[in-house]
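These notes are about the structure you will find just below.
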Amino acid sequence: MIKFENVVIKYDEFVAINDFNLEIKEGEFFTLLGPSGCGKTTLLRSIVGFIDIFSGRIKVNDEDVTHLPTEKRNIGIVFQSYALFPTMNVFENIAFGLKVNKLSKEEVKKEVYEIARKVDLNETQLFRNVSELSGGQQQRVAIARALVLKPKILCLDEPLSNLDAKLRGQLRQELKKLQRDFGITTIYVTHDQEEALTLSDRIAVFNKGNLEQIGTPHEIYNKSQSEFVCDFIGDINKITGSAIDTINSLSEVKFDRNKTAFLRTERVLTVCDDKKYIKLKAEIIDFEYNGIFTRYYYQMNDNIIMNIEKNDGSDYSSIGEKIDLYINPADIKQF
Amino acid sequence: MEKIKEYLKHIKISSIIIYTLLSWFIIAFLVYPNINLILKTFIKDGQVSLRAFEKLFSSKRAMMSLRNSFVLAFSMIITVNIVGTFIVLVTEYFEIKGAKILKIGFMSTLVYAGIVLVAGYQFLYSSNGFLAKVLSDLIPSYNVDWFVGYKAVLFIMTFACTSNHMIFLSNAIRNIDHGTIEAAKNMGASQFLILKKVVLPVLKPTFFSITVLTFLTGLSALSAPIVVGGKSFQTINPMILQFSKSPVSRDIGALMAIILGIATLLLLIIMNRVEKGGNYISISKVKTRIIKQKINSRLVNIIIHLVAYLLFIIYIAPMLLVIVFSFTNTIAINTVDLSFSNFSLSNYMLLFTRRGAFEPYLVSIVYSMSAAVIVAIICLVASNIIHKKEGKVGTILEFLLLIPWLLPATLIAMGLIMTYDLPKTILFNKNLVGSPLLMLSAYVIVTLPFSLRMLKAAYFGLDNALVDASKSMGASGFYTFRRVILPILLPTVLAVIVLSFNKLLPNYDLSVFLYHPAYKPLGIVIKTATEQESPGDSKAIMFVYSVILMIISTIAIYFFYGRNTKRK
């Protein structure tokens, strides 16, 4: 559906995206994930046609759109700010593109009402000023405004980043549902790894203009291919030096003591009878109580290891207590 | 009885003195003269009299000037908005080559304004001016006399009054969310449609305010019609000035000033009302900065560039000429001859060698500085009270001090002239008219509102916890003010003094009514130099005055805005 071929994007001398290749499939919810300044928004804006690429090609359905102006690409966009026109009401905002395309009055009305119904905006809301709407309603207007033009692709630039945590969670679900209902190919930009994991069919993780890994959320999380991806997504233990020696002495698989080893926090167990696991001696030095779970900090040799315990009624441990930790060497990664 | 005693204990002598002084000032200078003006105009020998109206209606010149003022004000709404919007779009919205240089030219009206600007335009365009001499040699059919009357006044006012656009409209454009422009582009809107449907609607309230302010500027024009209006185009204010000079016609002048005042008041009320309704502010929490738009059509792009640079030349030509000619001798000025041999520093020397040449500077500096400092002190005291007493006392005090903002300068001047021409008890039986203090008091009055608003804002930006902290450590109110509040406010106080000083220094409109013959301020001397029969070296010194005024203004504005941008 969308194909990037050797795309290079430059700002004067600064190379924002270097020799980038990617293919996004029809109907896919695809996320560009990375810390701020990694080039993900730049890439999104090049798809929409706001940024000229330096070299390479962008194809949509095998059609070369590299030099097509934004309005000819038929790609909709929802901005981080939503960019709703403050001087127009909801109806006028949604109708804007239709009017530009010279649809008749009746057609405009029909289309606007239809899309409004689909995104759950009622008639009174249609004639409100956009400033009177809640954050969630504003988001739906922005999406409706993009979808009413029946784009081939919908691009979303961090649409949830300026909302509070609770609304963010709610809108995330709403967004996913809308995407499923419309079945539209969606490219989503975010720096929030949780958002990326819950929403996406596939994720591309970026760092400093380079693509680190592409994969399903499961692959990205469990089969991280680089130190950066490992560290950027989820909580992780970094094991070094003498701790690696201890593990090597108990495990059949041997690790390089000169490199950092990575182990997900939820893969450190305190109770286990699986033979694949090895037993390590540790001491509790701190904990953070979080309601649903508690995060414990253990001293093991000169390393600090974290794990998560579900607060399901089992006994609490206290600081200073000696404890056995069980880990599966197969869960440890080194790059 | 006990209660009263208890109450009196809490009142400090110092506050009684401060409140008394403040009340005296407000009554004597802000309230009484204006009310007295109305009473004197409409009450003759203890009876209501409409004689002033009869005199006004029967004076053809006066009626003509009323009509002219409205014609000018309405014309300016169109011309100033067109030029103002254009220069803002080419400096802030469209991608124009050399926009930074253009902007400096268009911003020049901030430092090159009032009588100084009018004098410069007159020197360039009038029948014996620079352009007339140059063009009449090249094009024999060039009409050297065109720069007089309505055309000339409107021409000057159009280019002189775009400062509001450069400040407020530029700011409004910079605040547009760039996302809205991109969204419209993405949905297929053309550049023209984006400008019309997305950008301009957001600017509507700004346009409204600027239009009202422009209209008011047009109504109360003084220096431009006086210098280039000629017999055919005199407006209200020059007429009031003429009438005010003779006791017989003074009441017509007063009535016209009242009419001007009512028009101003009405417009400001309407503006306030409209500004309160309607939401045009961007709803975005995360706005993206506006990026300048490249004009797609080649032809349009070329035309816009040409017009922008033509306007640039119109803006800076009078200013440049004044600077250039300030470095020539009087022969060059009289014959408009720019031969190399005519260049010299003699004019700047004249300032120190010719008797009395330096005097207007001293007069203007002393007047402006004293007024600026007095105003700063009054406003500091007043905003302290407004800040502390949020109830009725504060509101009333603030309203009273803002009165001069609602009234045209001419009305204030007329009020002072017609009230204090005789000894009055409230001024300890002293005559203000005929005393050098008359102009000083007017300078103080007109700068009050601006300074008060600035200082009040600074006061309200002050963290109350600081004051509480100081008091909790046992400091008295005055000690807290001196050691905690004042140091924080000091930069604002200084900025207010500098800006007031800068605004008053070249003042003409108010000075012309009130100056003391023995102490002529700069504005008056510059105006005199624009007159046909004025000798060459008075023109030369006028150029020197103008150049130095521009330099002072530039420094003052830089001091103010430079300081603000650093903070951000």
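Net charge near residue B:474: determine it from the other residues with C-beta under 15 Å of the C-beta of residue B:474, scoring Lys and Arg +1 and Asp and Glu -1.
Net local charge, residue B:474 excluded: +2.
Let me check I've understood the local charge: for residue B:44, count other residues with C-beta under 12 angstrom from its C-beta, Lys and Arg +1, Asp and Glu -1. What total comes out? Intermediate results must be reported in sequence, preceding the final value.
Details: positive: B:40, B:51, B:55; negative: B:45, B:54, B:251.
Surrounding charge for residue B:44 is 0.
Could you work out the local net charge near residue A:278, counting Lys and Arg as +1, Asp and Glu as -1, over the other residues with Cβ closer than 15 Å to its Cβ? Each step should come with its number before you reach the end.
Working: positive: A:254, A:267, A:275, A:276, A:279, A:281; negative: A:245, A:252, A:273, A:274, A:324, A:331.
Neighbourhood net charge equals 0.
I'd like the Karplus ³J(HN,Hα) series for the stretch B:115-131: coefficients 6.51, -1.76, 1.60, θ = phi - 60°, whole numbers in Hz, and an x wherever there's a Gly or Pro.
In residue order, the calculated couplings are 5, 4, 5, 4, 4, x, 4, 4, 5, 7, 9, 5, 4, 10, x, 4, 5 Hz.
Could you work out how far the C-alpha centroid of the stretch B:369-425 sits from that of the stretch B:233-260, in angstrom?
Answer, in whole Å: 24.
Projected onto the charge dipole of chain A (+1 at Lys/Arg Cβ, -1 at Asp/Glu Cβ, origin at the Cα centre), which of A:122, A:191, A:4 gives the Cα projection farthest towards the positive end?
Highest projection toward the positive end goes to A:122.
Compute the distance from the alpha-carbon center of the stretch B:515-529 to that of the stretch A:247-318, in whole Å.
Taking the Cα centre of each part, the stretch B:515-529 and the stretch A:247-318 sit 89 Å apart.
Quick one: give the max-minus-min coordinate of the C-alpha atoms of the stretch A:181-304 along each principal axis, largest first, in Å.
The Cα atoms of the stretch A:181-304 stretch 53, 36, 29 Å along their principal axes.
Give me the percent of DSSP beta bridges within the protein assembly as shown that run antiparallel, rounded to the nearest 5. Present the calculation step by step, with values, prior to reporting the outcome.
Numbers: 52 of 71 bridges.
Here the share of antiparallel DSSP bridges comes out near 75 percent.
Per residue and in Å³, how big is the convex hull formed by the alpha-carbon atoms of the stretch A:1-90? Could the numbers behind the result be given before it?
Working: hull volume 11.9 nm³, N = 90.
Taking only Cα atoms, the stretch A:1-90 has a hull volume of 132 Å³ per residue.
Ranked by Cβ crowding within 10 angstrom, fewest neighbours first, how are A:246, B:419 ordered?
Details: A:246 17, B:419 23.
The order, fewest Cβ neighbours first, is A:246, B:419.
Show that you can apply the helix-only estimate: for chain B, add -39,500 (n - 2.57) for every DSSP H stretch of four or more residues, divide by all residues, and state [θ] at 222 nm to the nearest 500. List each step's numbers first, then the result.
On the way: 29 runs with 381 residues, N = 568.
Theoretical 222 nm ellipticity from helices: -21500 deg cm²/dmol.
Students often get this wrong, so check it: of B:100/B:197; A:99/A:150; B:40/B:60; A:109/A:150; A:176/B:196; A:59/A:105, which have C-alpha atoms separated by over 25 Å? Display every interim value, and only then the final one.
Numbers: B:100/B:197 27 Å; A:99/A:150 14 Å; B:40/B:60 23 Å; A:109/A:150 15 Å; A:176/B:196 36 Å; A:59/A:105 34 Å.
Table pairs above 25 Å Cα-Cα are B:100/B:197; A:176/B:196; A:59/A:105.
For the pair residue B:551/residue A:330, report the inter-label distance in nm, with labels modelled 7 Å from Cα in the Cβ direction.
8.6 nm
About the Cα centre of the protein assembly as shown, how large is the charge dipole given +1 on each Lys and Arg Cβ and -1 on each Asp and Glu Cβ? Please answer in debye to the nearest 20.
Details: 96 positive and 73 negative charges, 644 e Å.
With only Lys, Arg, Asp and Glu charged at Cβ, the dipole is about 3100 debye.
Residues of the stretch A:257-276 with the amide nitrogen closer than 19 Å to a label point 7 Å from the Cα of residue A:321, along Cα-to-Cβ, please.
Residues A:266-273 qualify, since their backbone N sits under 19 Å from the label point.
Tell me the relative contact order for chain B as a rounded percent, counting alpha carbon contacts under 8 Å between residues six or more apart.
Relative contact order for chain B comes out at 20 percent.
Just how large is the dipole of the stretch B:61-170 about the Cα centre, in debye to the nearest 20, putting +1 at every Lys and Arg Cβ and -1 at every Asp and Glu Cβ?
On the way: 7 positive and 4 negative charges, 30 e Å.
For this selection, approximately 140 debye.
I'd like the orientation of helix A:241-250 relative to chain A: the angle between its Cα long axis and the longest Cα principal axis, in ° from 0 to 90, rounded to 10.
Approximately 70 degrees, to the nearest ten.
Sorted from fewest to most neighbouring beta carbons within 10 Å, what does the list A:110, A:152, A:333 look like?
On the way: A:110 13, A:152 16, A:333 19.
With the fewest neighbours first, A:110, A:152, A:333 line up as A:110, A:152, A:333.
What order do you get for B:82, B:77 when you list them from fewest to most C-beta neighbours inside 10 Å?
Values: B:82 12, B:77 16.
Exposure proxy ranking, most exposed first: B:82, B:77.
Using the Karplus curve 6.51 cos²θ - 1.76 cosθ + 1.60 with θ = phi - 60°, work out ³J(HN,Hα) for each residue of the stretch A:142-152 in order, rounded to whole Hz, and write x for Gly and Pro.
Here the 3J(HN,Hα) series is 4, 5, 4, 4, 6, 6, 5, 8, 6, x, 6 Hz.
Given the options A:285, A:317, A:240, identify the residue whose Cα lies farthest towards the positive end of the charge dipole of the stretch A:198-334 (+1 on Cβ of Lys, Arg; -1 on Cβ of Asp, Glu).
Farthest towards the positive end: A:240.
Given Cβ point charges of +1 (Lys, Arg) and -1 (Asp, Glu) and nothing else, what value in debye, to the nearest 20, does the dipole of the stretch A:44-86 about its Cα centre take? Don't skip to the end; give the middle numbers.
Values: 5 positive and 5 negative charges, 18 e Å.
That gives the stretch A:44-86 a dipole magnitude of about 80 debye.
Report the one residue of A:60, B:102, A:74 whose Cα lies farthest in the direction of the positive end of the charge dipole of the protein assembly as shown (charges on C-beta: Lys and Arg +1, Asp and Glu -1; origin at the Cα centre).
B:102
Could you work out how far apart the two model spin labels at residue B:296 and residue A:194 are, taking each label as a point 7 Å from the Cα in the direction of the beta carbon, and quote it in nm?
In this crude spin-label approximation the distance works out to 4.3 nm.
What FRET efficiency, computed as 1/(1 + (r/R0)^6) with R0 = 35 Å and r the Cβ-Cβ distance, is obtained for residue B:421 and residue B:47, rounded to the nearest 0.05? Walk me through the numbers on the way to the answer.
Details: r = 22 Å, r/R0 = 0.62.
After rounding to 0.05, the efficiency reads 0.95.
Roughly how far apart, in whole Å, are the Cα centres of the stretch A:8-34 and the stretch A:117-163?
Value for the Cα centre distance between the two parts: 26 Å.
Rounded to the nearest 0.05, what FRET efficiency do residue A:310 and residue A:131 have when you use their Cβ-Cβ distance and R0 = 60 Å?
Details: r = 44 Å, r/R0 = 0.73.
Using R0 = 60 Å, I get an efficiency of 0.85.
Among all lysine pairs in the stretch B:355-486 that are eight or more places apart or on different chains, how many have alpha carbons less than 21 angstrom apart?
Within the stretch B:355-486, the lysine pair count is 5.
Indicate the gyration tensor shape class of chain B (rounded, prolate or oblate), computed on the Cα atoms with a ≥ b ≥ c the square roots of the eigenvalues: a/c under 1.5 is rounded; otherwise a/b larger than b/c is prolate and the rest oblate.
On the way: a/c = 1.57, a/b = 1.16, b/c = 1.35.
Note, shape of chain B comes out oblate.
Rule-based calculations on the coordinates, nothing more; no lab input. The structure displayed is predicted, hence computed values, not measured ones. We place every Cβ from the backbone using ideal geometry, glycine too, and count neighbours over all the protein chains shown.
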